[in-house]
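Heads up, the thing below is written out as structure tokens.
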Amino acid sequence: MKVLAIDAGNSRIKWGLHDGTRWTRRSSVATVRAGDLKIALARLPHCDAVVISNVAGAAVRKRLLSVLPAAPRPHWIKSERLQCGVRNSYANPRQLGCDRWAALIGARQCSRRPLLVTNAGTALTVDALAADGVFLGGIIVPGARLMREALAGNTAALKLRPGEAGRFPRTTGDAIMSGVVNALAGAVERSARLLHRRAGRGPLCLLSGGDAAWLAPYLNLEVRVVDNLVLEGLLAIARDKAR
């Protein structure tokens, strides 16, 4: 079964073609350039299923519809109460972002341990998944770029400038970058401690997103960087629907 999976985020649209055994094509475009997908998708072989996670709004959905193949009809996922072995603990399941839901399902395919399903992108999301597949809840904080832009846009002296993270930074650029790293790593590590107490064992952190490789070395816990958990979850959803 050939599956075209599309993850439309606020900054980028990631997509992949799975031939039933492996991902044969994966790429991305800036969300503001969604129309650029038309040529790439037109060159793909016929797909048996198209499954999409879209958190970028109605305008992006409309642009995607204009570039997708005429058939098959795309399935736009929504967060469910129970799907693919994952149970949603949100009071209103549909309030959970569909990208986070797909990532949780993708994570469930990777491991049956307690998991911190973490995406480091425009925002940092850290979601706790118990070993039995129950999504316990999670947090959302601004990502690295948003944190830096917030300082630059709301202060007179902290404009955007180069910087590197360090233990005791001695330039303003380094101080800002170090603060960003500490905030993001602290959010992930505190969530790991809370899940450890709940589960009785240390969780595995599955880390994806555009800033995953950059953030991973700063985390003092077991981390596995996964290229795109959302695409893995979309693939699992497509296969589940085909049964």
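Please treat every number below as a calculation from the coordinates, not as lab data. In this text the structure is predicted, and so the values were computed from the model without any measurement. Methodologically, a virtual Cβ is constructed for each residue, glycine included, from the backbone with ideal geometry; neighbour enumeration extends over all protein chains shown.
Tabulated data for the structure shown
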| item | result |
| --- | --- |
| Beta bridges by DSSP in the chain, antiparallel share as percent, to the nearest 5 | 60 |
| Loop-located chymotrypsin sites (Phe, Trp or Tyr not before Pro) in the stretch 1-101 whose Cβ has at most 16 other Cβ within 10 Å (DSSP) | Y90 |
| Values of log10 I(q)/I(0), in the order q = 0.21 Å⁻¹, for the stretch 93-181 under a Debye, Cα-only, solvent-free model | -0.91 |
| Rounded to whole Hz, the Karplus (6.51, -1.76, 1.60) HN-Hα couplings of the stretch 161-166, x for glycine and proline | 7, x, x, 10, 6, x |
| Footprinting exposure proxy for I6, I140, I39 (fewest neighbouring C-beta atoms within 10 Å first) | I39, I140, I6 |
| Electrostatic dipole magnitude of the chain [Cβ: Lys, Arg +1; Asp, Glu -1; Cα centre; debye, to 20] | 360 |
| Environment charge of A152, counting only residues whose C-beta is closer than 12 Å and scoring Lys/Arg +1, Asp/Glu -1 | +3 |
| Where GluC sites (Glu not before Pro) fall in DSSP loop in the stretch 148-243, at most 13 other Cβ within 10 Å | E164, E222 |
| Cα-centre dipole for the stretch 3-76 with unit charges at Cβ (Lys and Arg positive, Asp and Glu negative), debye to 20 | 200 |
| Column: log10 I(q)/I(0), Debye, Cα scatterers of the stretch 3-76, q = 0.17 Å⁻¹ | -0.55 |
| Total charge dipole magnitude, the stretch 106-243, about the Cα centre, Cβ charges on Lys, Arg, Asp, Glu only, Debye to nearest 20 | 280 |
| Residue order, fewest to most surrounding Cβ atoms within 10 angstrom, among M177, M1 | M1, M177 |
| Neighbour cut-off at most 11 other Cβ (10 Å), DSSP loop, trypsin sites (Lys or Arg not before Pro), the stretch 106-212 | R167, R170, R201 |
| Contact order normalised by residue count of the chain, Cα under 8 Å, 6+ apart, percent | 19 |
| The chain, helix-only ellipticity at 222 nm - DSSP H runs n ≥ 4, -39,500 (n - 2.57), divided by all residues, nearest 500 | -11000 deg cm²/dmol |
| T24-R170 FRET efficiency (beta carbon distance; Förster radius 41 Å; 0.05 resolution) | 0.25 |
| Rounded tilt (10° steps) of 58-67 against the dominant C-alpha axis of the chain | 50 |
